[in-house]
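J.: Here it is: the structure, laid out below.
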Amino acid sequence: MPIETTRLNLLTPEEVSAEAVQRYFVANRAFLADWEPRRPDDYYDLPTISRMVETQQEQFRARTSVNFYLARQGSAEVIGTIGFSNIVYGCFLSCFLGYRSSQGNEGQGLMQEGLRAAIRWVFESLALHRIEANVMPRNLASKRVLERLGFELEGSSRKYLKINDVWEDHQHYVLLNEGVE
């Protein structure tokens, strides 16, 4: 199920190699540290990454979590990730969105382009009604991406997530799929 945009391929866990994912995380370890939970050293080892990708494959098949790896057209190098987690069906039809870019690829509109395609796929394929994204107030670039995609600020949560060993406040953004009844 290839998803392509003008400049990107969105690869599912079935379509990406664990080695490419490991290279991405190792290369961006310091760059992402301010925005993510502190990771143990073995998080970056190939066996750990391989297990993560295998788990993502199972979750993708079950549609309980959907992950995409971004690669430029014609390349297998991972330059970003998009994840829709905690997918809830029934009367809620909602999920959480998380995403990250690689150093050197920010500010080019690539994440916005990838997110637009991934969101369209999630809304159409899973018929979800709501996507929620939480972002630290100081992450201005991420807030701009969400706002350009039509996400609306619904509120704030104090000390919401432990990021890099600090409980960080987050702003809560939501995008509704008006096409779901």
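Quick note: the coordinates plus some simple rules give every number you see, no bench work behind them. Quick caveat, the model's predicted, so the values are computed rather than measured. Ideal geometry is used to build each Cβ from the backbone, glycine not excepted, and the neighbour counts take in all protein chains shown.
J.: What is the range 1-155's relative contact order, in percent, from Cα pairs under 8 angstrom and six or more apart in sequence?
T.: Reported relative contact order: 22 percent.
J.: Given the Cα-Cα distance of CYS91 and ARG7 and 0.36 nm per residue of separation, how much length would full extension add, in nm? Walk me through the numbers on the way to the answer.
T.: Details: separation 84, 0.36 × 84 = 30.24 nm, distance 3.59 nm.
Taking 0.36 nm per residue and subtracting the Cα distance, the gain is 26.7 nm.
J.: Given 0.36 nm per residue, what is the gain on full extension from GLU124 to LEU153 after removing their alpha carbon distance, in nm? Can you show the working numbers first?
T.: Working: separation 29, 0.36 × 29 = 10.44 nm, distance 2.31 nm.
Extra length from GLU124 to LEU153 when fully extended: 8.1 nm.
J.: A further question follows. With a Förster radius of 22 Å, plug the Cβ-Cβ distance of ARG72 and SER17 into 1/(1 + (r/R0)^6) and report the FRET value to the nearest 0.05.
T.: Working: r = 16 Å, r/R0 = 0.72.
The calculated FRET efficiency here is 0.90.
J.: Here's another thing I want to ask about it. If you place +1 on the Cβ of every Lys and Arg, -1 on the Cβ of every Asp and Glu, and leave all else neutral, what size is the dipole of the range 23-70 about its Cα centre, to the nearest 20 Debye? Can you show the working numbers first?
T.: On the way: 7 positive and 7 negative charges, 33 e Å.
I would put it at about 160 debye.
J.: A further question on this structure: Can you work out ³J(HN,Hα) from phi for every residue in the range 83-94, in order, using Karplus 6.51 cos²θ - 1.76 cosθ + 1.60 and θ = phi - 60°, giving whole Hz and x for Gly and Pro?
T.: Whole-Hz 3J(HN,Hα) from phi for the range 83-94: x, 10, 10, 6, 6, 10, 9, x, 7, 8, 6, 9.
J.: Near the amide H of HIS129, under 5 Å away, which other amide H atoms are found, from residues 5 or more places off or on another chain, if H is placed in the peptide plane?
T.: Under 5 Å from the amide H of HIS129 lie the amide H atoms of SER94, each far enough along the sequence or on another chain.
J.: Then there's this: As a check on your grasp of the helix formula, calculate [θ] at 222 nm for the chain: sum -39500 (n - 2.57) over DSSP H runs of n ≥ 4, divide by the residue count, round to the nearest 500. Don't jump to the answer; show the numbers that get you there.
T.: On the way: 5 runs with 57 residues, N = 181.
About -9500 deg cm²/dmol.
J.: I'd like to know which of VAL21, CYS91, LEU32 lies farthest towards the positive end of the charge dipole of the range 18-125, counting +1 on Cβ of Lys and Arg and -1 on Cβ of Asp and Glu.
T.: Farthest towards the positive end: CYS91.
J.: What number comes out for the charge environment of ASP42, summing +1 per Lys or Arg and -1 per Asp or Glu over other residues with Cβ under 15 Å away? Write down the numbers at each step before the final one.
T.: Numbers: positive: ARG29, ARG38, ARG39, ARG51; negative: ASP41, ASP45.
The answer is +2.
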